[in-house]
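**Student:** Structure incoming, see below.
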Amino acid sequence: MENRTIGEILLELRLNKGKSRAEVASDLGISKSAIAMYELGKRIPKDDVKIKFAKYYGKSVATIFFAR
């Protein structure tokens, strides 16, 4: 899947949860700038961060990073 598509999915999940980038960054233990880079499609998270996102949003890693 393209980086931009992954970014759109992450942004949609965050907005649906009603969270700011700062809140998600704090909850996941990563930087706010990393969240921004992921959502803008400029970077793809490492596998351990993918797992954190999946657990946080109650989705599978495949659903967020490999589907669509």
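The values are calculated or read from the model by the stated rules, or taken from the named source; none is laboratory data. As the structure is a prediction and not an experimental result, all values here were calculated from the model. Quick reminder, even Gly has a Cβ in these numbers, built from the backbone with ideal geometry, and neighbours come from all protein chains shown. All accessible areas refer to the heavy atoms of the entire protein, side chains included, with ligands and DNA or RNA removed. Shrake-Rupley method; radii C 1.70, N 1.55, O 1.52, S 1.80 Å.
**Student:** If you go through the range 57-68, how many residues are crowded, with 16+ Cβ neighbours inside 10 Å and among the aromatic types (Phe, Trp, Tyr)?
**Tutor:** Looking only at that region, the number is 2.
**Student:** Something else about it: Are any of the residues in the range 40-48 surrounded by 12 or more Cβ atoms within 10 Å (Cβ to Cβ) and in a helix (DSSP H, G or I)?
**Tutor:** no
**Student:** Find all pairs meeting these conditions: Cβ atoms under 6 angstrom apart; at least six residues apart or on different chains; first residue within the range 37-61 and in contact (Cβ under 8 Å) with a residue 24 or more places away in the chain; second residue crowded, with 16+ Cβ neighbours inside 10 Å and assigned to a loop (DSSP other than H, G, I, E, B).
**Tutor:** As it stands, the answer is Tyr38/Pro45, since those pairs meet every condition given.
**Student:** Let me ask something additional. Of all residues in the range 1-39, how many are within 18 Å of Ala67 (Cα to Cα), basic (Lys, Arg) and open to solvent by less than 80 Å² (accessible area, probe 1.4 Å)?
**Tutor:** Residues flagged as within 18 Å of Ala67 (Cα to Cα), basic (Lys, Arg) and open to solvent by less than 80 Å² (accessible area, probe 1.4 Å) within the range 1-39 amount to 1.
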